[in-house]
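None of the figures in this text is laboratory data; all of them are computed from the coordinates on show. No experiment lies behind these values; they were computed from the predicted model shown. Cβ: placed from backbone, ideal geometry, glycine included. Neighbour counts: every protein chain shown.
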Amino acid sequence: METGAKKAAAPAPAAADARQALFETKHAELLSEAGDVAREFGADVHAVVFGPDGTAARHVFHGSVAREEKPLKDLVGRAVAMNVSAMGMKELAAHEQHLLRLRALVANELKVKEDKANANANADAAAPEQQVMVAGADAGSSDKKQSSLA
């Protein structure tokens, strides 16, 4: 007994595939941005993403640089922990040179971090001045327009 009424068409597989592809693209973009924010600001970023099918995916990005510094800390720790009392003079001199190189490496890393922090602080301090100058320039140009119209 057909009534002649058409049934609602099921969503086309191509449309579902397109939605899924768009979701995957936007999801990857969000994860990339969240990772960048975590690295730039040294903060932990938590992202919860809901897919087209209603499932949730949780992501955590750790912004602390401790993970990046771990290999350097391990290297320094191993070098410092060596038993120097059992070393001969040549070994001791080589070990001392190694420690001095490590010290210079750590000092350089600290200097780079300090310079980066100073550059960020200078950029933040300069930003309000630039905004004031731009606002002042805009105000001056609008005054000229008003005076020429009057």
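Label-to-label distance for ALA56 and ASN83 is 5.5 nm, based on points extended 7 Å past Cα in the beta-carbon direction.
Take the Cβ atoms of VAL37 and ASN118, set R0 to 30 Å, and the FRET efficiency comes out at 0.90. Per-residue extension of 0.36 nm, minus the Cα-Cα distance of LEU22 and LEU75, leaves a gain of 14.6 nm for this segment.
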